[in-house]
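Derivation of every value follows stated rules applied to the coordinates shown; laboratory data play no part. Treat the numbers as computed from the prediction; the structure is a model and nothing was measured. Here the Cβ is made from the backbone with ideal geometry for all residues, glycine too, and neighbour counts use every protein chain on show.
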Amino acid sequence: MSLAIFDLDETLIAGDSCTLFCQFLVDEGIAAPDFLQQDAQMMTRYHAQTLVLSEYIRFLTGPVMHLSITEIDALMPRFVQRYISPRIYPQAQQILANYQQQGVRPLIISATSEFIVKAVAEALGVDDLLAIQLATEGQFYNGDIHGIPTFREGKVSRLKHWLAEEQESLKGAFFYSDSINDLPLLEQVEYPVAANPDPRLMTIAIERRWPVLQWRMPTNNTLTQDQPLTRQELNHV
């Protein structure tokens, strides 16, 4: 079965799910207001490709480490409904639906904690996902990463392992991403697509003649839906 692989943040949703989760924690009184300032500083490092991922994961999970995994999971539907669903690109919803109708298997792979990505993927109707797995102690997260994180080259490693387990391949696969951090995986697939690309990825996409999609949230009731790119269309980009 062909694959349509998607990054999550700024690709399928107009925003960063970790930052939105930080806002949720502050609004719920679980984290202090300055938590958002610290997150903003770390996001600056992420875009500059200087972020130490383990430090960020420890930061993100800090306010909820006193909550059990079950208690955290119970928060997620409210988080998704209020902070994620309004930010899902309509074009992303349509492209996912079209691929599923065509028998193409969608997969989300994100450098975000698995408990967040799982909740968002459910809202998007996507069953398969790869995300940062968190280490646990008993029924609690301990702030450490378990296994290879799905970040930069780690996305490639985790995806290759998943392909072997699922008896899938990258033949004919698409990968949609906005981030220069995903360049290692974009270079692995047959059909890389720059979706809402950051400036550095935009430069590379133009140089390599990769398709570029610019999705927008609707400002009125008329939505413009992007259709999945066919292989024939990609060959003429």
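Please give the contour-minus-distance gain from GLN188 to GLU28: 0.36 nm per residue of separation, less the Cα-Cα distance, rounded to one decimal in nm.
Numbers: separation 160, 0.36 × 160 = 57.60 nm, distance 4.06 nm.
Here the answer is 53.5 nm.
Need one number: the % of Cα-Cα pairs in the range 140-213 sitting beyond the 20 Å mark.
It works out to 37 percent of all Cα pairs.
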Taking LYS171 as the anchor, which lysines have their alpha carbon closer than 19 Å to its alpha carbon, excluding any fewer than eight residues away along the same chain?
LYS155, LYS160
Considering the Cα positions of the range 1-127, please state its Rg to one decimal place and its Dmax as a whole number of Å.
15.2, 46
When PHE140, PHE6 are arranged by how many other beta-carbons sit within 10 Å of their Cβ, fewest first, they go PHE140, PHE6
Order of LYS118, LYS155 - criterion: other Cβ atoms within 10 Å of each residue's Cβ, fewest first
LYS118, LYS155
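Where Rh is the Kirkwood radius over the Cα pairs of the range 84-232, the temperature 10 °C and the viscosity 1.306 mPa s, what D in µm²/s does Stokes-Einstein return? All intermediate terms of the calculation are to be shown ahead of the outcome.
Working: Rh = 16.6 Å.
Stokes-Einstein gives a translational diffusion coefficient of 96 µm²/s.
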Multiply the residue separation of GLU137 and SER157 by 0.36 nm, subtract the distance between their alpha-carbon atoms, and state the gained length in nm to one decimal.
4.7 nm
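Would you mind ranking LEU129, LEU51 so that the residue whose beta carbon has the fewest other beta carbons within 10 Å leads the list? Intermediate values should be presented prior to the final figure.
Values: LEU129 22, LEU51 18.
Fewest-to-most Cβ neighbours within 10 Å comes out as LEU51, LEU129.
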Two decimals is fine: what's Rg over Rh for the range 56-120, C-alpha atoms, Kirkwood radius as Rh?
1.05
